[in-house]
Each structure stands twice: as structure tokens, then as C-alpha cells.
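The values are calculated or read from the model by the stated rules, or taken from the named source; none is laboratory data. Keep in mind it's a predicted model, so treat the numbers as computed, not measured. Ideal geometry is used to build each Cβ from the backbone, glycine not excepted, and the neighbour counts take in all protein chains shown. Only protein heavy atoms, including side chains, enter the accessible area calculation; ligands, DNA and RNA are left aside. Shrake-Rupley method; radii C 1.70, N 1.55, O 1.52, S 1.80 Å.
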Amino acid sequence: MTKIIQKAIQMRDKAHTPYSNYTVGAALETKDGNIIGGCNIENSSYSLTNCAERTALFTAIAKGYSEFKALAVSTENGGSPCGACRQVIWELCGNIPVYICDDNGLVEETTSSALLPKPFDESKLR
Ligand code: THU
């Protein structure tokens, strides 16, 4: 199993999910080979919940990384990134491989571009 997939699976243990009990782990590989993890963090005001993918991305950006090679996401049943995360992944990573996993490893390999065809992006704002 690759390091990034292992990290995404491990990150499920860090999830804060008192409401759904659905734990999600994510891991990003930076251009220089570092692995940054994230987990979902729920809130009693449900819409304030932060998904695992965005936790990983925002943590990586806050640590000073800005170029990413791949993303892995792990759930108990091979869940795929939500629409909001797809937009954020596309915006911060461009087209990268996305590994969708469960506890046994890879379920599906896709790309951020396949997950978000015809994205809205900065080009429309100029
Ligand atoms: N969740 C993620 O962390 N990532 C996704 O892409 C889909 C949903 C979380 C949010 C919430 O804590 C739980 O999964 C159930 O929706």
C-alpha cells in the first residue's frame, strides 16, 4: 500500500464525528514528497463541519505547501469527495490523481478533473 493511502486510512482515527459517526481520512502528497493528513471535524451547527479533504488541503496551505501531486481519501465504504471538496481540490491542486479508498486500500483511482468536469475557476473572474 502506498504511503499516501496508508496515511489517509490512519487519519480516520483522528476524525471528530459525534453526529454522523462517519469518519473520513485524507492525505495529500506535496510536490516535494511530504504527506499531509486531514480528517473530518463535525460541528453541532452541522454546516460548519469541515470535510477531511478540505482539512488536509487547508493544513497543507497553512504549512506553506502550494503544489500537490496526489490526494487519497479513505472511508469505511469507499465514499467519494463531496461537491464542495471537489471545487476546492480543483482550485488548489489542478488536475491530480485522486485515490478513493476503504480500510483495505484502493477502491478506485480517478482524477480531480474527472470528479469536477467543467469547473468554475479563476479564469472567469478576469
Ligand atoms: N465528509 C467528508 O469528510 N468528506 C467528503 O467528501 C464527504 C463527507 C464528512 C462530512 C461529515 O462529517 C461526514 O462525512 C458525513 O457527511
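For the stretch 42-65, does any single residue satisfy the condition of being touching a His at 6+ places or on another chain (Cβ under 7 Å) and more than 17 Å from GLY83 (Cβ to Cβ)?
yes
Looking only at the stretch 80-126, count how many residues are of a type in the set (D, E, K, R) and either under 18 Å from GLY25 (Cβ atoms) or in contact with a Cys (Cβ under 7 Å, 6 or more places away or on another chain) (or both).
To start, the set of residues in the stretch 80-126 that are of a type in the set (D, E, K, R) comprises 86, 91, 102-103, 108-109, 118, 121-122, 124, 126.
With the extra rule that they be either under 18 Å from GLY25 (Cβ atoms) or in contact with a Cys (Cβ under 7 Å, 6 or more places away or on another chain) (or both), the set shrinks to 86, 102-103, 108-109.
Summing the residues that are of a type in the set (D, E, K, R) and either under 18 Å from GLY25 (Cβ atoms) or in contact with a Cys (Cβ under 7 Å, 6 or more places away or on another chain) (or both) in the stretch 80-126 gives 5.
Taking the criterion of being more than 8 Å from the ligand (Cβ to nearest atom), of a type outside the set (A, V, I, L, M, F, W, C), in contact with a strand residue (DSSP E or B) (Cβ under 7 Å, 6 or more places away or on another chain) and not in a strand (DSSP E or B), would at least one residue in the stretch 39-52 satisfy it?
No - not one qualifying residue is present in the stretch 39-52.
Kindly indicate whether any position in the stretch 2-22 is farther than 18 Å from CYS82 by Cα, in a loop (DSSP other than H, G, I, E, B), of a type in the set (Ser, Thr, Tyr) and open to solvent by 20 Å² or more (accessible area, probe 1.4 Å).
yes
Pairs under 8 Å by beta carbon, first residue in contact (Cβ under 8 Å) with a residue 12 or more places away in the chain in the stretch 107-126, partner loosely packed, with under 10 Cβ neighbours inside 10 Å and assigned to a strand (DSSP E or B), six or more apart or different chains?
none
Considering only the stretch 3-33, state which residues are more than 14 Å from the chain's Cα centre (by Cα) and touching a residue at least 40 places away in the same chain (Cβ under 8 Å).
Hit for the stretch 3-33 is TYR22, nothing else.
Is it the case that some residue within the stretch 30-37 is within 10 Å of the ligand (Cβ to nearest atom) and surrounded by 15 or more Cβ atoms within 10 Å (Cβ to Cβ)? Give the derivation first.
Just the residues of the stretch 30-37 that are within 10 Å of the ligand (Cβ to nearest atom), to begin with: none.
No, every residue in the stretch 30-37 fails to be within 10 Å of the ligand (Cβ to nearest atom) and surrounded by 15 or more Cβ atoms within 10 Å (Cβ to Cβ).
Scan (1) assigned to a helix (DSSP H, G or I); (2) more than 25 Å from PHE120 (Cα to Cα) for the single condition CYS85 breaks and write down its number.
It is condition (2) that CYS85 fails.
Is it fair to say CYS101 is over 30 Å from LEU125 (Cβ atoms), within 14 Å of the ligand (Cβ to nearest atom) and not in a loop (DSSP other than H, G, I, E, B)?
Yes: the conditions hold for CYS101.
In the stretch 104-113, what residues are among the hydroxyl-bearing types (Ser, Thr, Tyr) and not in a helix (DSSP H, G or I)? Can you show your working first?
Narrowing the stretch 104-113 to residues among the hydroxyl-bearing types (Ser, Thr, Tyr): 110-113.
Answer for the stretch 104-113, where residues must be among the hydroxyl-bearing types (Ser, Thr, Tyr) and not in a helix (DSSP H, G or I): THR110, THR111.
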